[in-house]
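S.K.: Attaching a single structure in structure tokens format; questions to follow.
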Amino acid sequence: MKRMQFLVFILFAALTLVATAQDRAPLKLVATIPLPGLHDGDFDHFTPDVDGHRLFLTGEENEKVLVLDTNTNQLIHTIEDVKAPHAILFRKDLRKLFIVAGDASAVQVYDSDSYKLLGEIKVSIDADSIAYDSVTHNLYVVNGGREAHTPYSLISVIDTDNSKKLRDIKIDTNHIEAIVLEKSGPRMFSNLTSKNAVGLIDRNKAALLATWPLPPGDKLNVAMAFDEPDHRLFVITRNPGKLIVLNSDSGKVIADLPAVGMVDDMSYDAQHKRLYLAGDGSVDVFEQKDPDNYVLLAKVPGSFRAKTGLLVPELNRYYLAVPHHENKDAEVRVYEIQP
């Protein structure tokens, strides 16, 4: 009898620890949005319309842009036949969507209410990542390089007020991934992926000012985020999976930590001092103890190639896109940020 009581006590204690751990997890699953009718294939990026209670998601290999309602957590519209959609800019004031269609070699402009195509701005093939300057209303678009069979890539500058291309910034590498902008000055940071380095670019001069190599052996840097007040630039590599923290003034490596593989999206949570890394199999959540010190807070279970995620601070939500796989429908998982 005593042995049975002891085993019951141990089981109760274990269940309590599990429940406590779940309660303390930084992300709490609160809803799932089913996305039926999609075939296997990656998603790429989200962008929010906070006031309009919408979330836009690019189904890159399904050639669709999905529109989700963040109040009801439902799919409400699908923009069809977008050739390899990647990143999206939503201009609330213009009621327009600027969708990067990589295989159409264009930034396509849609009415954000009727979802009708209004026009397009031509760029080179394989247009992908973007960054938006809310002061000048210029959109920076990575394109060209490998698919264009050129030894260089382009960062095209698009005037979104007038839907026209202003100029190209030519970068001597054939593979560029994420770009982020400095708000307090003219600098722009980019992942020079084929060089395993970070590029520092002056937006006003349209020139590469410096190249900061990553630590030896760290390759395939894809995702990027920026903590501007603390002068910290966050870079993710896929080979191997790592979080690398750089001083954004000098390029010096501050921290280098193992992370989930195949990360495509990373969000910096300034309020909670966290980083959310969406990768293959999990969302890794890192805590920023201070600008120089970082720890893995949790590995939230993800899914196969679920590498597209977005933090929306205004909603206190984190969204993870899970692609169709092995006869299981695609979905978007909605998490509430826990303190």
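The values are calculated or read from the model by the stated rules, or taken from the named source; none is laboratory data. Predicted model, so just to flag it, every value in this text is computed and none were measured. Quick reminder, even Gly has a Cβ in these numbers, built from the backbone with ideal geometry, and neighbours come from all protein chains shown. SASA here: full protein model, heavy atoms, side chains in, ligands and nucleic acids out. Shrake-Rupley method; radii C 1.70, N 1.55, O 1.52, S 1.80 Å.
S.K.: For segment 129-140, name all the residues that are open to solvent by 30 Å² or more (accessible area, probe 1.4 Å) and either in contact (Cβ under 8 Å) with a residue 12 or more places away in the chain or not polar (S, T, N, Q) (or both). So that I can check it myself, show each step before the final result.
M.R.: Narrowing segment 129-140 to residues open to solvent by 30 Å² or more (accessible area, probe 1.4 Å): 130, 132, 134-137.
Those that are open to solvent by 30 Å² or more (accessible area, probe 1.4 Å) and either in contact (Cβ under 8 Å) with a residue 12 or more places away in the chain or not polar (S, T, N, Q) (or both): I130, Y132, V135, H137.
S.K.: A follow-up question, please. So which residues in segment 85-117 are open to solvent by 30 Å² or more (accessible area, probe 1.4 Å) and touching a Lys or Arg at 6+ places or on another chain (Cβ under 7 Å), if there are any at all?
M.R.: Selection gives D103, D111, D113.
S.K.: Still on this structure: State yes or no: is K242 more than 30 Å from R24 (Cα to Cα) and without any contact (Cβ under 8 Å) to a residue 60 or more places away in the chain? Can you show your working first?
M.R.: On the way: more than 30 Å from R24 (Cα to Cα): no; without any contact (Cβ under 8 Å) to a residue 60 or more places away in the chain: yes.
Considered against the rule, which asks whether it is more than 30 Å from R24 (Cα to Cα) and without any contact (Cβ under 8 Å) to a residue 60 or more places away in the chain, K242 comes out as no.
S.K.: Let me ask something additional. Considering only segment 256-293, state which residues are in a strand (DSSP E or B), of a type in the set (D, E) and within 19 Å of the chain's Cα centre (by Cα).
M.R.: Going residue by residue through segment 256-293, those that are in a strand (DSSP E or B) are 256-258, 265-269, 274-278, 282-290, 293.
When the remaining residues are screened for being of a type in the set (D, E), the result is 256, 265, 269, 284, 287, 290.
D265, D269, D284, E287, listed by residue number.
S.K.: Scan segment 37-57 residue by residue and report those that are touching a Ser or Thr at 6+ places or on another chain (Cβ under 8 Å) and assigned to a strand (DSSP E or B).
M.R.: F46, P48, D49, R54, L55, F56, L57
S.K.: Something else: Modelled with pLDDT of 95 or more, outside any loop (DSSP other than H, G, I, E, B) and over 16 Å from the mean Cα position of the chain (by Cα): is that true of V82 in this structure? Lay out the reasoning, then the answer.
M.R.: Numbers: modelled with pLDDT of 95 or more: yes; outside any loop (DSSP other than H, G, I, E, B): no; over 16 Å from the mean Cα position of the chain (by Cα): yes.
No, not satisfied.
S.K.: With segment 141-196 as the region, which strands (runs of 3 or more DSSP E) entirely inside it contain at least 1 residues that are among the hydrophobic types (A, V, I, L, M, F, W, C), open to solvent by 20 Å² or more (accessible area, probe 1.4 Å) and touching a Phe, Trp or Tyr at 6+ places or on another chain (Cβ under 7 Å)?
M.R.: On the way: elements: 153-159, 164-171, 176-181, 187-192.
The strands (runs of 3 or more DSSP E) meeting that bar are 176-181.
S.K.: Also: Could you tell me whether segment 267-281 includes any residue that is in contact with an Asp or Glu (Cβ under 8 Å, 6 or more places away or on another chain), within 20 Å of G199 (Cβ to Cβ), modelled with pLDDT of 95 or more and open to solvent by less than 60 Å² (accessible area, probe 1.4 Å)?
M.R.: yes
S.K.: Check whether at least one residue in segment 242-255 is surrounded by fewer than 18 Cβ atoms within 10 Å (Cβ to Cβ), touching a Lys or Arg at 6+ places or on another chain (Cβ under 8 Å) and part of a loop (DSSP other than H, G, I, E, B), and report yes or no.
M.R.: no
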